[in-house]
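What follows is one structure encoded as structure tokens, with my remarks underneath.
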Amino acid sequence: MKNIIPRLWRPENRFGIVGAVLLLVIVMMSVLAPVIAPYDPYQRSGAPFEKPNARHLLGCNDVGHDLLSELMYGGRASLAVGIFAAFYSTAVAVFAALVAGYFGGPLDRFLMRVVDVVMSLPFLPLVIVLGVFLGPGMGTQILVISLVMWASPCRELRSQVLKTRNNGYIDAARAMGDKSWRIILRHALPDLTPLIVPQFVMVAQSAILIESSLSFLGLGDPVSKSWGSMLFFANTRAAFLTGAWVYWVLPPGLCIALACLSFSLIGFSMAGKRGLEYFSYGSFKRSSKNGKCPAACPLAVSDINVRYRTGQDECLAVSELSLELKSREVLGIVGESGCGKTTLAMTILGLLRRPAELSGGSVFIKGEDMLAPGEMKILKLRGKTAAYVPQNAMNTLNPVVSVKKQLLEAIRIHRKLPKEEEAGEVDRFLGYVGIDPKRKNSYNHELSGGMKQRVVIAMALVNNPDILIADEPTTGLDVLVQKSILDLLMELKERFNLSVILITHDLPLALNYSDKLAVMYQGKLVDYGAIDDVCANPRHFHTRALFNNFPRLDQAKLWNRQVYEDAAVKTGGRENILVEALAVRGLSKTFYSRRGLFGRTSTPVEAVKKVSFTVRPGEVVGLIGGSGSGKTTVSRLITGLEKADEGEIFLDGTSLLDLRGAERRLAAKKIHLVFQDPYQSMRNSMTLFDIVKEPLIIGNTYGPEEIKERILGALADVRLPETEAFLKRTPNQLSGGQRQRLSFARAIVDKPRYIIADEPTSMLDVSLRTELLKLMEDLRNRYRIGYLFITHDLSLAYHFCDRLLVMREGLVVEQGRAQDIIHYPAHGYTRELISAVEVPGCRANYA
């Protein structure tokens with residue numbers, strides 16, 4: 001109890017608590033009115049217009065009814081109308097938002113036009129007209145309010161459904177063959193719940209106000225008491241002329257105001273929970289040590305300690321870490337996932353969020369101590385003196401705001417310029433990062449991965465910072481785009497005299513683009529110094545492991561497997577289709593980025609053009625190519641997440657495109673898609689048991705005991721704990737490597753024949769990549785699983801795959817044995833990809 005009260009009374013909860021207490025008092029007064037009201041509000045108990053006295057605390061109305069009793073009973077009707085109207089409005093809004101957001105297409109466009117029409121109509125006149133047409137009464141009030149109040153929450157809820165619809169775990173459920181209504185109830189609706197409650201609260205507030213307005217206009221229930229009807233009778237019975245308005249009009253008006261205020265406070269507090277909870281340096285614990293600022297050093301951190309506390313558990317994320325960043329220097333920070341790299345960056349920028357706790361250390365930016373008690377210097381310096389390039393550009397950019405507006409927002413935070421100069425700055429910095437200024441009105445979805453990353457870099461540089469912290473700026477990008485982004489950063493470093501911190505798990509990038517290298521392991525700085533010194537004399541075993549575990553194209557192939565012979569037969573008149581294989585023939589797909597209400601309105605984009613290949617059981621086929629080449633689209637076409645325009649897909653001789661309903665869902669069990677991002681492909685609110693169980697419950701073919709047995713077996717196969725405590729955990733309690741292992745546990749739990757692994761290693765560090773490939777090889781040997789391995793990492797593709805297909809702009813430009821493609825490339829694009837692969841700037845062979 002001692003800990004609960006302080007947590008509840010945090011600043012972010014105080015408005016909500018005050019509103020809840022106020023609403024509770026009003027509700028209790030109304031609900032208990034038959035017990036605590038001094039008189040029957042329908043019976044005469046005093047003289048007409050009797051003034052307030054000991055018997056009648058608020059006096060009486062014109063017929064001698066006690067006003068305090070009317071006030072208590074009136075709350076019952078007003079609150080009932082508000083709550084029921086809010087319930088029906090929110091229910092309609094949730095249903096329409098789920099249908100429009102999940103299914104999209106013409107249905108979405110139609111429903112949103114209906115919403116536009118409802119929201120464009122004049123609100124109060126519409127309410128009055130409907131009220132007059134339907135006649136007075138409480139039912140009329142609820143119906144009218146519901147009809148006009150559902151549209152606004154529907155629009156906001158639909159935007160959240162659209163965001164949820166694009167999450168990996170929704171696509172995972174669809175790829176496993178789950179039905180749409182189950183996906184909506186199992187995934188979309190739970191994700192929407194945190195928004196539904198605030199919307200309900202805000203609609204209830206408005207509904208009470210509207211009910212009072214309708215009752216005041218005589219459109220309420222004429223025989224029931226409500227706050228609005230009290231105002232109506234006060235107005236029609238000359239309360240304003242007799243002086244009785246003070247005790248007849250003010251109390252119900254005050255109750256209406258307090259009820260609306262209570263709902264507003266609750267809604268405000270709950271809506272604030274949707275964002276991340278950041279807090280300032282001032283709330284951190286201070287160390288007894290006083291750091292000293294090095295002279296002429298743009299950035300220095302000294303003895304930093306950051307802990308994560310969750311209940312009784314505590315994790316030391318950064319421990320006694322000190323380093324310096326000199327002027328115009330590039331400091332590379334490398335280390336495995338979870339070693340504290342990003343936590344260190346967030347500490348420097350003052351962007352840590354609970355449950356993180358900075359328990360000691362100093363951060364100096366241009367000689368000023370950012371941790372000085374009582375000062376908030378970092379707020380003025382962040383984005384201006386020290387800028388940040390986050391890891392995932394796709395999630396950084398706002399999907400509903402143009403590039404221009406997002407750049408302008410970054411400029412206006414720190415600078416006030418005339419509009420002409422602002423427009424010039426936008427064009428100038430887009431030009432600096434290699435984007436045509438004509439694209440400034442584009443949106444997130446209209447940009448490639450590399451262009452998104454360039455926009456994020458432009459946003460970081462628009463205020464001419466001295467320090468740039470780039471956190472995994474090339475993760476998820478192909479080798480050509482990676483090189484172009486790093487070359488761009490180095491060019492901008494020289495142009496703007498930047499000091500750069502380059503955080504990455506890609507060792508060759510850090511070695512080839514950094515002046516100094518810092519190696520982190522379990523929150524500690526285990527190696528630090530000039531690149532050549534660290535290469536020549538690594539002090540820690542983890543540094544030596546990083547050098548030795550990195551796969552290279554000039555090494556002997558790590559996995560040499562038997563190449564399976566084709567067993568071509570004729571199936572339904574089609575030749576060259578293997579009876580036991582996953583075969584793709586002439587697959588094509590064209591996308592239209594924008595569609596109008598009555599059809600297609602944009603230039604078509606041919607994502608996949610006449611792609612054909614075969615994957616046999618036990619074979620590993622690699623699909624490589626640059627960003628936007630069509631690799632992921634091929635995987636989505638095979639798993640049914642997208643519909644093919646042309647071509648055929650055969651599973652063991654059966655055409656998947658000819659299957660419908662239960663047959664298609666049964667076939668989907670034989671092919672499983674493992675997604676690129678292990679953080680997006682699982683819903684954090686689900687337990688690990690429920691996540692792995694998902695493929696097993698789709699067909700309802702297994703009993704509880706067999707489900708549990710299969711789950712434990714899958715966890716054992718991927719070398720994860722099989723304990724009850726582990727199964728009750730959630731994904732946010734796992735490391736990146738554990739999450740990806742869990743992805744493969746979910747993939748193999750229903751014993752599929754083929755696994756499509758879409759960039760399964762791109763979010764992992766070098767050591768975890770190697771471990772994951774060994775795991776995939778073990779599963780291949782054990783269950784004879786065939787892999788379609790999609791990647792932009794040519795080194796991994798060379799070592800792990802039997803055959804490779806190279807894609808460019810939707811076409812397969814070259815295919816063959818992995819050794820032949822890498823060592824003897826025939827196509828110019830393949831040679832370009834290979835030449836862009838970064839190799840470590842120093843060789844190491846440590847025991």
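The values are calculated or read from the model by the stated rules, or taken from the named source; none is laboratory data. Every value quoted in this text rests on a predicted model; they were computed, and no experiment measured them. Virtual Cβ from ideal backbone geometry, glycine too; neighbours counted across all protein chains shown. For the accessible areas, the whole protein counts, side chains as well, though only heavy atoms, and no ligand, DNA or RNA atoms are used. Shrake-Rupley method; radii C 1.70, N 1.55, O 1.52, S 1.80 Å.
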Worksheet entry | Meets criteria (assigned to a loop (DSSP other than H, G, I, E, B), more than 15 Å from Val27 (Cβ to Cβ) and touching a helix residue (DSSP H, G or I) at 6+ places or on another chain (Cβ under 6 Å)) for Pro48 | no
Item to complete: Scan the stretch 139-158 and give yes if some residue there is small (Gly, Ala, Ser), farther than 26 Å from Phe216 by Cα, in a helix (DSSP H, G or I) and open to solvent by less than 30 Å² (accessible area, probe 1.4 Å), otherwise no.
Response: no
Worksheet item: From the residues in the stretch 394-403 that are open to solvent by less than 60 Å² (accessible area, probe 1.4 Å) and touching a Leu at 6+ places or on another chain (Cβ under 9 Å), which one is modelled with the lowest pLDDT?
Response: Leu397
Discussion item. Looking only at the stretch 649-665, how many residues end up being among the acidic types (Asp, Glu) and either in contact with a strand residue (DSSP E or B) (Cβ under 8 Å, 6 or more places away or on another chain) or touching a residue at least 60 places away in the same chain (Cβ under 8 Å) (or both)?
Written reply: 1
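Give the stretch 692-743 a look and list any residue that's touching a Phe, Trp or Tyr at 6+ places or on another chain (Cβ under 6 Å), farther than 21 Å from Arg174 by Cβ and part of a helix (DSSP H, G or I), or say none.
Passing the criteria: only Leu727.
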Worksheet entry | Tally of residues being within 11 Å of Asn463 (Cα to Cα) and touching a helix residue (DSSP H, G or I) at 6+ places or on another chain (Cβ under 9 Å) across the stretch 410-425 | 6
Worksheet item: Within the stretch 556-570, which residues are modelled with pLDDT of 80 or more and open to solvent by 60 Å² or more (accessible area, probe 1.4 Å)?
Response: Ala556, Leu558, Asn560
Item to complete: Among the candidates Gly599, Gly618, single out the residue that is at pLDDT 85 or above and on the phi > 0 side of the Ramachandran plot.
Response: Gly618
Worksheet item: Residues that are among the basic types (Lys, Arg): which helices (runs of 4 or more DSSP H) entirely in the stretch 478-536 hold 3 or more of them?
Response: 479-496
Worksheet, complete the sentence: Wholly inside the stretch 609-683, strands (runs of 3 or more DSSP E) that include 1 or more residues that are under 21 Å from Arg165 (Cα atoms) are 671-674
Fill in: Contacts under 6 angstrom Cβ, first residue in the stretch 328-350 being more than 15 Å from Lys524 (Cβ to Cβ) and assigned to a helix (DSSP H, G or I), partner open to solvent by 20 Å² or more (accessible area, probe 1.4 Å) and not aromatic (Phe, Trp, Tyr), 6 or more apart
Leu349/Arg382
Discussion item. Given the criteria more than 36 Å from the chain's Cα centre (by Cα) and outside any helix (DSSP H, G or I), does Arg76 qualify?
Written reply: no
Discussion item. Please count how many residues of the stretch 744-763 are part of a loop (DSSP other than H, G, I, E, B), touching a residue at least 40 places away in the same chain (Cβ under 8 Å) and not basic (Lys, Arg).
Written reply: 7
Worksheet item: Which one is surrounded by the fewest Cβ atoms within 10 Å (Cβ to Cβ) among residues in the stretch 802-824 that are under 32 Å from the mean Cα position of the chain (by Cα) and not aliphatic (A, V, I, L, M)?
Response: Glu809
Worksheet item: Scanning for something open to solvent by 60 Å² or more (accessible area, probe 1.4 Å) and closer than 30 Å to Gly332 by Cβ, does the stretch 416-425 turn up at least one residue?
Response: no
Worksheet entry | Hits in the stretch 660-688 - residues which are within 22 Å of the chain's Cα centre (by Cα) and at pLDDT 80 or above | Leu673, Val674, Phe675, Ser681, Met682, Arg683, Asn684, Ser685, Met686, Thr687, Leu688
Practice prompt. Any residue in the stretch 189-218 that's under 22 Å from Arg76 (Cα atoms): show its pairings with residues that are outside any helix (DSSP H, G or I) and modelled with pLDDT under 85 at Cβ separation under 9 Å, as long as the two are six or more apart or on different chains.
Written response: Glu211/Gly220; Ser212/Gly220; Ser213/Leu219; Leu214/Pro136; Leu214/Gly220; Ser215/Pro136; Ser215/Asp221; Gly218/Pro136
Practice prompt. Note down all Cβ pairs under 6 Å where the first residue falls in the stretch 117-146 and is modelled with pLDDT of 75 or more, the second is among the hydroxyl-bearing types (Ser, Thr, Tyr), and they're at least six residues apart or on different chains.
Written response: Ser146/Tyr88; Ser146/Ser89
Worksheet entry | Subset of the stretch 537-551 that is in a loop (DSSP other than H, G, I, E, B) and open to solvent by less than 30 Å² (accessible area, probe 1.4 Å) - its residue that is farthest from Arg831 (Cα to Cα) | Pro538
Worksheet item: Within the stretch 241-262, is there a residue that is farther than 26 Å from Glu211 by Cβ, assigned to a loop (DSSP other than H, G, I, E, B), out of contact with any Asp or Glu (no Cβ under 9 Å at 6 or more places or on another chain) and at pLDDT below 75?
Response: yes
Discussion item. Quick test of your reading of the structure: Gly625 fulfils all but one of (1) at positive phi; (2) surrounded by fewer than 21 Cβ atoms within 10 Å (Cβ to Cβ); (3) within 31 Å of the chain's Cα centre (by Cα); (4) not hydroxyl-bearing (Ser, Thr, Tyr). Name the failing condition by number.
Written reply: (2)
Discussion item. I need the full set of residues from the stretch 164-181 which are assigned to a helix (DSSP H, G or I) and free of Cβ contacts under 8 Å to residues at least 60 places away in the same chain, in order please.
Written reply: Ile170, Trp181
Discussion item. So for the stretch 651-659 (the condition being buried (at least 17 other Cβ atoms within 10 Å of the Cβ), within 30 Å of the chain's Cα centre (by Cα) and among the acidic types (Asp, Glu)), does at least one residue qualify?
Written reply: no
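I want to confirm something. Restricting to the stretch 723-749 and keeping residues that are among the charged types (D, E, K, R) and surrounded by 20 or more Cβ atoms within 10 Å (Cβ to Cβ), which single residue is nearest to Thr639 (Cα to Cα)? So that I can check it myself, show each step before the final result.
At the first step, the residues of the stretch 723-749 found to be among the charged types (D, E, K, R) are 724, 728-729, 739, 741, 746.
Narrowing the set further to residues that are surrounded by 20 or more Cβ atoms within 10 Å (Cβ to Cβ) leaves 739, 741, 746.
Details: Arg739: 22, Arg741: 21, Arg746: 16 Å.
By that ranking, first place goes to Arg746.
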Practice prompt. Take Met451 and decide whether it is at pLDDT 85 or above and buried (at least 21 other Cβ atoms within 10 Å of the Cβ).
Written response: no
Practice prompt. Would you check if there is a residue in the stretch 34-43 being crowded, with 20+ Cβ neighbours inside 10 Å and either of a type in the set (A, V, I, L, M, F, W, C) or under 20 Å from Ile256 (Cα atoms) (or both)?
Written response: yes
Worksheet entry | Test set (1) within 21 Å of Leu712 (Cβ to Cβ); (2) open to solvent by 10 Å² or more (accessible area, probe 1.4 Å); (3) β-branched (Val, Ile, Thr) - Thr770 fails condition number | (1)
Discussion item. Return the residues of the stretch 318-339 that are under 29 Å from the mean Cα position of the chain (by Cα) and open to solvent by 10 Å² or more (accessible area, probe 1.4 Å); say none if nothing qualifies.
Written reply: Glu336, Ser337, Gly338
Worksheet item: Can Ser627 be described as more than 21 Å from Arg817 (Cβ to Cβ) and at pLDDT below 85?
Response: yes
